[in-house]
Structure formats: C-alpha cells, structure tokens
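A short worksheet on the structure shown next.
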C-alpha cells in the first residue's frame, strides 16, 4: 500500500543549525518508513551550496494529496508559515519557540519585526494544526498558553554521530590545544545569548582566578553585526587578553572546539531547548549555565546552574572546575548520566508515537 508523503516546512535551512539538523534526521526516518519526504524552504533562505537538499514550496504544493502530512517547524515569522496554513493536506506544527523581539530591537529592527510576527502567527495558526508538537515542555507550555490543545513533547532530535571526536579538524585542534584553558560557548551571536555576560565572567576569570584562560565563541554573526561590534568593543574595554571569535564553523571545526574545551559556559536568558548543552556532554565538557527558560529541562539535573548573574562567583566556580579534579569528575558523572538517558532515546519510536494520531493505519509496522 502506498503511504502518504510527510514533508517538513522551515523558515530557513542551513548547516550547523539545530532545527535544520533535526529536520534532516526526521526526513531520514520518514524515508526509511517508506514515505516520500522533502524539506521545503524558500530558496533565498538557503545557502547556495546546499540548495539542492531542499524543495521549493510551489512545486511541492502542486503534488500534495489530501492525506499527505505537512509539518511546520515554527521558530520565527515568515511567509512559509502562512503558506503552510493554506496547504490542502493534513498539518502539524513543531514549535521550537520564537525568541522575544525585544532582544533585537536595538541591533536588528527587521529581525525584531519578524520575531513579533512569529509570535502573532504562532497564536493565529492554532486552529490550522491537526497536531501540535513542541521540542521541550517549556515550549509546549507556550503553545498551550496560545490556545493549542493536547500539545505533545518531541525532544529535539540530534545526530549524535556527527559529533564524533574522530571527525575533529586537526588544524584548529592544534591551535586551541596549547596549554591555555578554553572556555567555550556555541550559539548564534545574538543578544538573548547574553554574550556580554560571558565576557564579564572571563574578565574576572583572567584577572583573579586563572590568567591562562581564553574565551572561544562559535556561532554565526549574520544579521547581528551591530551586536558583534559592541561585543568586540566591550572585550577591549574589559581587557580580555585572549578571545577567539570563530563565527560560523564546519562540523569538524566545531568538534575540534569541543574536543579542546575545558568548560562550557552558557549564560543565555532564552533557549527553547539549547542543543549545544547536549553537544558539550557528548564531548565530556563540564557545563556551567544560567537557570533560564528550557536550560534546566535540557540539563535534567546535570551541569552547574546559577540563579543570578554573580559574575565573580561564576568565575570562581569556573576556576574550581578547572583545577579541582574531584569536583570536575563529580560534575562530569552527573552529565554522563544525563547523556546516557539521552542516548537511550529511540528516535524512531518517539517519532511514531508523536505522529500516531495522524499516521493511523499508514504507520509503519
């Protein structure tokens, strides 16, 4: 029996993006089940090098059957959200959260407007979705507050094998593995990540706790150049002695950053899931993070959490993590337990269970 197609619609698709990576994992499963499955995105929102991996919405809409399923990955206001609502097929939403617009009003008003539109569209689309999914309980609560009913949690799917240390870039690995303590953060260079707070912590760390330390920042600066410039100026003002602003990197380069990291520091105020926390655990890097948004849920008892931005205290705790072997091992032991639970997931079964109300008899045996 021919199975209906399961397609996914995204506002943007790019390498290194957690939502894009999750969509690719889901597509792999859908195709293994015997369904036709494409990732759909506006071509202008996809880098030219990977444009062949996605399909244009117009060509897809012409081939959709009423029993096909279209899953919208919702994270920002975009034309594709409204186009999804108009499709004549069965529809589901997978909500990744929409970052509050106020973080971007001073550095990218256009993006702030897209985020405001995303919040409005998310609320308006509640009636268009036959099935509502969210990749964290934190995000599910937001959907419920918007009027969505029976929201199911489908934790973010991560291709764990992509982060193998065996695939680490040797050149960058040698550059970072020079005897200096590397404090790593991975994530887009955006204001909600509070990267200025990371700079303040490293200022205290270098000045009072561990002079032989550096901050390594990995993440795209596209669209937030003004914020990036402010960070560079702030680093100079604080006298940060060793700051590596690597921007967007390849997967092997990212693996090299994790492989040489001595601690992962995340002081973000708003995260719908925060995939880099799982990535850091994969590389056995101790995590220190702000207790905010979905971060405690993703860590699930692992890492070291801070309720308030006491920067000298965070720096002192970092120093202890770097030099107190028993404490470091205790932190890593909790992270390994969390990672074991994450590894024990059955993504195939989770996807089947999440989509069961829509798959019905067409679900694979």
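Quick look at the numbers
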read-out: The chain: angle of helix 18-32 to the longest principal axis, Cα-based, in degrees nearest 10; value: 40
read-out: Degrees, to the nearest 10: 109-124 long Cα axis against longest axis of the chain; value: 50
read-out: C-alpha long axis of helix 195-204 to longest principal axis of the chain, angle in °; value: 20
read-out: Calculated FRET value between residue 53 and residue 159, using beta carbons and R₀ = 22 Å, to 0.05; value: 0.95
read-out: Distance between the stretch 216-233 and the stretch 297-365 - C-alpha centres, whole angstrom; value: 27
read-out: Taking the chain and dividing mean pair separation by its residue count, relative contact order in percent (alpha carbons under 8 Å, at least six apart); value: 14
read-out: Value at 222 nm in deg cm²/dmol, rounded to 500, when DSSP H runs of n ≥ 4 in the chain each add -39,500 (n - 2.57); value: -12500 deg cm²/dmol
read-out: Tail fraction, Cα-Cα pairs, the stretch 1-47, threshold 17 Å, whole percent; value: 34
read-out: Cα convex hull volume per residue for the stretch 177-287 (Å³); value: 95
read-out: For the stretch 305-365, convex hull of alpha carbons as volume per residue, Å³; value: 112
read-out: Simple spin-label estimate for residue 178 and residue 222 in nanometres, 7 Å along Cα-Cβ; value: 2.9
read-out: Globularity ratio of the chain, using Cα Rg and 2.2 N^0.38 Å; value: 1.01
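A short reminder: the numbers here are calculations on the coordinates, not readings from a lab. These numbers were taken from a predicted model, which means no experiment stands behind them. Neighbour counts are summed over all protein chains in view; Cβ atoms, including those assigned to glycine, are modelled from backbone coordinates with ideal geometry.
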